[in-house]
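Before any comments, here is the structure.
All of the numbers you see were taken from the coordinates with simple rules; none came from a lab. Bear in mind that the values here come from a model prediction, so they are computed numbers and not experimental data.
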Amino acid sequence: MDTRRYMISDAAKMVDVEAHVLRYWEEELELPVERNEMGHRCYTEENIRMFHQIKELKEQGLQLKAIKALLPEMEQGKVPPVVVREPEPVNDKMEQFQLILGKVVSQAIRENQQEMGKELSHQVSTQVVKEMDYLFRLQEEREETHYRKLDELIRSSQETRKKLGRKARKKEKEPKIKEAKIKEPRKKSWFFGSKKDTVTE
């Protein structure tokens, strides 16, 4: 009889499952597992063999309740018969049909989405181009109106300057007419004095 013992991490590697799975199976199936003086689980070769069988039965689709019912036979060394499920032809064909149909529909949807994406992209880009063209034309019209008004103002300002310049040049060319000072006639003085000085009698 082999007295070799394995820690849970080693046993898990041997069975190719996680350590928590071994603990779960141990608790659910109420498997007798030895513990060392520190309370750690110590698995024997027999425990490892049992875990391999449990794993095979789980992979075949059995639940732990069914495996628990088979434990007495497994402990006696009897290997339970391999569970073979007869495929149901109708369901199998139905599943195949659904799988094929799903693939066809998925492919059609993908192609449709691509086509719709292209069409939508084309429509959006056409619409954007039209909108941008409209906005550019509107901007050009505004700028043209602005520049036309600016041109009119500049021309008007130039005309006003020309007129003022002409008037100024005309004034410079016109001969200056001297204003004649109106001379007051001289008062004739009388020989002996002014007229006022004479006394009338």
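Under 5 Å between amide hydrogens, built in the peptide plane, is the criterion, and for Arg5 it picks out nothing among residues at least 5 positions away or on other chains.
The calculated P(r) of segment 8-75, using every Cα pair and 5 Å bins from 0, goes 3, 16, 31, 28, 15, 5, 2, 0 in percent.
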